[in-house]
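Notes follow the structure.
No value in this document is a laboratory result; all are computed from the given coordinates. In this text, all values refer to a predicted model and were calculated from it rather than measured experimentally. All Cβ positions, even for glycine, are placed from backbone atoms using ideal geometry, and neighbour counts span all protein chains on display.
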Amino acid sequence: MRASATLAARDPRLTDEPSILARVAAGDPSAPNECIARFSGLVWSLARRLCSSPSDAEDAVQEIFIDLWKSAARFDASIASETTFVAMIARRRLIDRGRRKMRRPEVPQIAETVEDRRDRVDGTELSEQQRLAQRAFEQLRPEQQQVLQLAIHHGCSHEQIATATGMPLGTVKTHARRGLIKIRLLLEQQGVLSTEDRARIENAAEGAP
Amino acid sequence: MTTAPSDFNRAAEALRERAAECALTGDRWSWEDEELARSLGIDLEAELEAFELVAAELAVAQIAGNRKVDDAVPAALRTKLGALAGAPIGTKPATPDARPTAFPARKPVSSLRVPLAAAAGLALGIGATVLVLRNDGRGGGADADAATASPAAFIRAHPRAVHWPWVGTTDPHVVGPVRGEAYFDPESERGILEIEGLAPNDPTVEQYQLWIFDAERDERYPVDGGVFDVTQAGRVLIPVQARLDVARPVMFAVTVEKPGGVVVSARQIAIVAKP
C-alpha cells in the first residue's frame, strides 16, 4: 500500500489480534472464511448503498472478496486498519463497477441525506476511530457535508449531485475535493491521520471557503 | 527556470485537489498532471490512495452510525461467499444439469512444473498448440450463482466477456456435434461453459477438466479452471470461477482426467474454444 497518509489503527481489535489479511496472503486456509465472517457485513453495507439492486450488490460483494484476497499482501497495519483497507478495496471495486455500467443508483431524496434515521438499527455504537472520522465530517460546512455524503454514502456522481442539489457542477466539485482535503487534515490533527506533507495539505485546505 | 514558491503551492494544491476528486469518482488524471506532479516531486498515486483511505474511513463511520435493517448479509450470499472461500463441496448447491466440484488440495506448483521437453507435443486439429497442462495449485471454484445464469444473462451481466465456440477433437468422449461456447469475463474472472456434444462421464472413473490459456502466462502452463461432470446427454452449463488472475484469455481446453483432476494433464483433449 503506497500512501503518504497513515491512518492509525485505533481499534484495539486491530492491534491485539493477528491480521486476517496477512493470514490470507500467507495462504492460511481458514483465513478467507474468517475474513468473510468479519467483513462481509461491512462490504455488503457498502455494496447495498452503491449498487443499483440487491442482486448487483451480491455480485459485487463476491468480486470484492476476490479482490481483497488478491490484495491482501498489500495490507500494512502500520498504514491503515484492516477495516479501512477493506472499505477502500470495496469502494474501488464498487466505483469501478458503477463506471463500467455507466449507471449510478438513484439519487436519494435530499431530506434523507444528512440525517436519515428511519431504518436505523438501534444500539449501533461507533468505535473511537469512527467517532473521530464522524466528528471531522461534522466540522465541514453543511454544503460540503451534503456533497460528500451523497458522493461517498450514496455513490452519486458529481453530475447527479448537481442535479439533486441545484448547485453548479463546479461548486459540487469544489465542495467535494476541498471537503475531503479538510477531513484529511482534521484526521491528521486528531492523530488518526498523519501525512508526510502536512504543510501542503494545509495550503490546500486554506483555499476552502 | 525555477518555480516560485507561490506557483509551486498553487500547482501542488491543484494536483492534490485532482487526486481528491479521483478518489471520489474513480477518474484518472491526465498525463499532463502526471508530468507536472513528477516535476514537483508529488506522488499522485500516493495522494490518491491517501484520499481513498479518507473516503473509506468516512464510509465506515457513516455505515456504523447509520446501520439499516437491510444491512444484514443475506443467507444466500453467505453461502456463495463460503463457496468462494473454498468451503467443503457439501455447502455448494448443485447445478441442474451439471455438477461442478470443489478442488482437492494439491501439491505446490513449483514441484509440478514439467519441462516442455519432457512432455510430448500435442498438435490440435485447429492449430498446432503445444500443451503441458499443469494444475496451478489453487484451481477454480464453481459459483452457484452463475450456475443458474444463461449465457445471454451472463453476457448481459458481463458485457466485456469473451465468448468463443467449442470445437471438438477426435476424442471418443465427443459423441455428437459439438455446440456451445465458452464465456469468460477477465475482470470478474467468472465464466460459464455452454457445452453440447460431450459424453456423460462416470465421476468415479474420470472427470472433465477445464484449462484456461492466458496470453500473460507461459502457454505451457495454463490456469486450471476446475473439474466438472456431464451428467446427462445434451446441453450442459458449467459455471467457472478462476481464483488466479487470467488477464487475457486466449483459449480454453477441456481434457478428460482422473477423478479430482490432475496437475499434469494426460493431454486427452476433448474440446477447445478459441477466437
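Before moving on, here are some points about what is shown:
- Descending by average beta-carbon neighbour count within 10 Å, the peptides A:79-92, B:184-197, A:127-140 line up as A:79-92, B:184-197, A:127-140, the highest first.
- Taking every residue in B:32-43 and counting other chain Cβ atoms within 10 Å of its Cβ, the average works out to 1.
- Taking the average, over residues, of other Cβ atoms within 10 Å as the packing measure, peptides A:66-77, A:45-56 rank A:45-56, A:66-77 from highest down.
- If R0 equals 25 Å, the separation of the Cβ atoms of B:THR79 and B:GLU45 corresponds to a calculated FRET efficiency of about 0.10.
- With a 10 Å cut-off around each Cβ of A:180-188, the average count of Cβ atoms from other chains is 5.
- Shielding by partners - mean other protein chain Cβ count within 10 Å, residues of B:11-18: 5
- Relative contact order [Cα under 8 Å, 6+ residues apart], region B:177-262, whole percent: 37 percent
- Ranked by the mean number of other Cβ atoms within 10 Å of their residues, highest first, the peptides B:11-18, A:25-32 fall in the order B:11-18, A:25-32.
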